[in-house]
Amino acid sequence: MKQTKYIFVTGGVLSSLGKGIAAASIGTLLKNSGLSVSILKADPYINVDPGTMSPFEHGEVFVTEDGAETDLDLGHYERFLDENLSQLNNFTTGKVYQSVIEKERKGAYLGKTIQVIPHIVDEIKERIKRAGKNKDVLIVEIGGTVGDIEGLPFLEAIRALRLELGNAINIHLTLIPFIKAAGELKTKPTQHSVGELRRIGISPDMIICRSEKPLDRELKDKIAISCGVARNCVIESVDATSIYQIPLNFLKQDILKPISSLLNLGMLKPDMSKWDSLVKRVIAPQNEVTIAFVGKYVDLKESYKSLTEAIIHAGAALDTRVNLKWLDSEKLEDIDENLKDISGILVPGGFGSRGVEGKIKAIEYARTKKIAFLGICLGMQLVLIEFARNVLGLEDANSSEFDEFCKNPIVYLIDEFMDKNGQKQIRTQQTPLGGTMRLGSYECKIKANSLLSEIFEGKKSVSQRHRHRYEANIKYKKDFEKAGLLVSGENNTLIEAVELKDHPFFLGVQFHPEFKSRLLDVDPVILSFIKASLKHENS
């Protein structure tokens with residue numbers, strides 16, 4: 001069995017400095033050096049997972065292959081490492097306490113008094129070791145900021161693990177603010193943050209400095225001396241045009257040299273040539289296209305993080321800058337004015353009735369004006385509702401999510417389905433809210449000679465990730481197809497994809513293709529949509 005090496009990443013001064021991107025960047029450099037690498041995000045909040053949290057509260061909920069609802073940083077991890085992660089790669093305080101309490105109720109602790117130390121800390125340690133099993137390196141990102149009371153058990157766990165295992169290092173990401181009035185970068189917040197870490201019993205081996213401006217040699221020396229790290233272990237992370245530049249920026253500073261020395265990893269020479277080529281296309285592409293992004297959470301763009309990143313990946317593959325025109329679906333009053341001068345329309349997923357009618361107007365516009373269109377999850381369901389209302393003439397067509405008693409439930413809630421052997425299966429996972437969700441990877445069987453078949457290069461089926469509660473009603477399938485809306489993707493009796501026959505590009509998918517898109521492996525659905533939009537732009 002491999003002896004796993006651990007890299008613990010903490011953050012100081014304030015949140016949202018980019019610990020996840022820093023951890024993922026180090027991970028991709030190590031992986032491209034030939035090592036087996038995985039990443040874990042430990043979140044100190046008490047929710048069991050982010051599945052029940054508002055997008056405005058927490059941003060996007062990322063879904064893994066095995067159906068875990070996780071922190072959006074796992075999306076960054078997968079996109080940078082180009083690997084599928086699982087529920088082992090993310091846990092919260094809530095999950096830790098839930099597990100410990102369940103064990104206590106079963107008598108696993110032999111009647112002992114349950115305490116933060118050792119029981120909670122031991123549970124955290126076990127989860128970290130489980131995630132690192134059979135890996136050369138496990139990178140562990142501790143969420144939150146040093147000094148937060150809820151993060152103390154996690155910091156105690158990594159402190160104890162380093163003493164227990166020996167083969168670990170601590171990297172601390174901190175802010176070096178630029179004070180305009182003084183015209184200087186200030187190191188004092190970093191010194192205080194490292195002092196707080198030391199008080200807990202953790203001494204960082206490396207400092208990654210987030211800043212607006214580059215750090216000169218004198219400033220780096222000052223940080224090294226005051227924080228007790230080697231001079232080559234002070235790494236700057238200056239604001240970048242693209243997050244995909246960060247691994248390359250780290251590599252230029254020889255970040256792997258001290259990491260390799262501290263962890264005894266040998267000579268590390270990552271091959272980042274393909275990555276470098278794609279990043280150049282992200283920063284300075286040859287082409288340009290504008291698409292309308294019609295959503296309900298547009299004020300917090302983190303809610304659509306995987307989707308916006310997938311669009312960047314597709315743009316890089318096509319050497320194209322994709323300009324997003326963000327449109328709040330609640331405020332689409334003048335549809336012609338809002339959607340003029342655009343070459344594609346994207347309607348993403350979402351929950352609840354707010355903003356639905358605006359999305360339906362945008363779908364009708366794309367259908368009738370022959371503009372490239374992609375609907376994802378709820379976007380596909382609204383394609384069916386718009387088509388039923390305006391083509392089939394079912395004026396009261398709706399989803400039972402929005403109107404429980406509608407006469408024509410084009411989209412409705414089902415808890416069971418018949419598998420290929422005729423056996424009834426519960427197809428969803430129970431959520432804390434008492435509803436049911438179809439979460440994780442499911443098969444989509446593709447109809448031959450369809451747009452979807454062309455997108456997936458003739459494959460008969462693909463596996464795609466889901467996160468939704470309501471399903472398209474198979475009862476209306478024949479009526480849809482007779483009127484020109486083809487069901488091109490299915491999972492037994494569940495509709496997975498629909499498309500218009502006489503349209504340049506009009507596709508709705510029940511799954512979330514963005515969850516599987518990476519810079520080095522672009523999702524075919526998003527790529528084809530951007531390509532069709534670019535064709536419309538140049539026509």
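The values are calculated or read from the model by the stated rules, or taken from the named source; none is laboratory data. Here the structure is a predicted model, which is why all the values come from computation and not from measurement. No Cβ is skipped: glycine too gets one built from the backbone with ideal geometry, and neighbour counts run over all protein chains shown. Accessible surface areas use protein heavy atoms only, side chains included; no ligands, DNA or RNA. Shrake-Rupley method; radii C 1.70, N 1.55, O 1.52, S 1.80 Å.
Quick notes on this one:
- Taking the criterion of being open to solvent by 30 Å² or more (accessible area, probe 1.4 Å) and β-branched (Val, Ile, Thr), the only residue of the stretch 1-38 that qualifies is Val13.
- Looking only at the stretch 248-259, and only at residues there that are buried (at least 18 other Cβ atoms within 10 Å of the Cβ) and not aliphatic (A, V, I, L, M), the one that is nearest to Asp136 (Cα to Cα): Pro258
- The set of residues in the stretch 236-247 that are hydrophobic (A, V, I, L, M, F, W, C) and open to solvent by 40 Å² or more (accessible area, probe 1.4 Å) comprises Ala240, Ile243.
- Of the set (1) over 20 Å from His76 (Cα atoms); (2) among the small types (Gly, Ala, Ser); (3) modelled with pLDDT under 95, all apply to Ala240 but (1).
Listed here are the residues, each with its yes/no results for (1) in contact (Cβ under 8 Å) with a residue 40 or more places away in the chain; (2) open to solvent by less than 50 Å² (accessible area, probe 1.4 Å); (3) out of contact with any helix residue (DSSP H, G or I) (no Cβ under 6 Å at 6 or more places or on another chain); (4) within 24 Å of Ala160 (Cβ to Cβ).
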position	(1), (2), (3), (4)
Phe80	yes, yes, no, no
Val100	no, yes, no, yes
Glu126	no, no, yes, yes
Val137	yes, yes, no, yes
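- Residues of the stretch 492-511 that are buried (at least 23 other Cβ atoms within 10 Å of the Cβ) and part of a strand (DSSP E or B): Ile495, Glu496, Ala497, Val498, Glu499, Phe506, Leu507, Gly508, Val509.
- Residues of the stretch 69-78 classified as over 24 Å from Ser33 (Cα atoms) and either in contact (Cβ under 8 Å) with a residue 60 or more places away in the chain or not polar (S, T, N, Q) (or both), total: 3
- Scanning the stretch 193-218 for residues that are open to solvent by 40 Å² or more (accessible area, probe 1.4 Å) and closer than 20 Å to Pro153 by Cβ yields Glu196, Arg198, Arg199, Gly201, Ser203.
- Residue within the stretch 260-277 that is part of a helix (DSSP H, G or I), in contact with a Pro (Cβ under 9 Å, 6 or more places away or on another chain) and not hydroxyl-bearing (Ser, Thr, Tyr) present: yes
- Test: residue in the stretch 512-525 that is open to solvent by 40 Å² or more (accessible area, probe 1.4 Å), of a type in the set (Asp, Glu) and either at pLDDT 95 or above or not in a helix (DSSP H, G or I) (or both): yes
- Lys296 closer than 17 Å to Leu374 by Cβ and of a type in the set (Lys, Arg): yes
- Of residues in the stretch 393-403 being assigned to a loop (DSSP other than H, G, I, E, B) and more than 14 Å from Arg469 (Cα to Cα), the one most open to solvent (accessible area, probe 1.4 Å): Glu395
- Breaking point among (1) in contact with a helix residue (DSSP H, G or I) (Cβ under 9 Å, 6 or more places away or on another chain); (2) crowded, with 18+ Cβ neighbours inside 10 Å; (3) under 19 Å from Ile530 (Cα atoms), for Lys370: (2)
- Qualifying residue in the stretch 234-249 (condition: over 27 Å from the mean Cα position of the chain (by Cα) and either on the phi > 0 side of the Ramachandran plot or not in a loop (DSSP other than H, G, I, E, B) (or both)): yes
- Contacts under 8 angstrom Cβ, first residue in the stretch 143-162 being crowded, with 19+ Cβ neighbours inside 10 Å, partner polar (S, T, N, Q) and part of a loop (DSSP other than H, G, I, E, B), 6 or more apart: Gly144/Ser15; Thr145/Ser15; Gly151/Thr145
- Summed over the stretch 261-288, residues that are at positive phi and either at pLDDT 95 or above or open to solvent by 50 Å² or more (accessible area, probe 1.4 Å) (or both) total 1.
- No other residue among Asp334, Asp319 is modelled with pLDDT under 95, open to solvent by 10 Å² or more (accessible area, probe 1.4 Å) and acidic (Asp, Glu) apart from Asp334.
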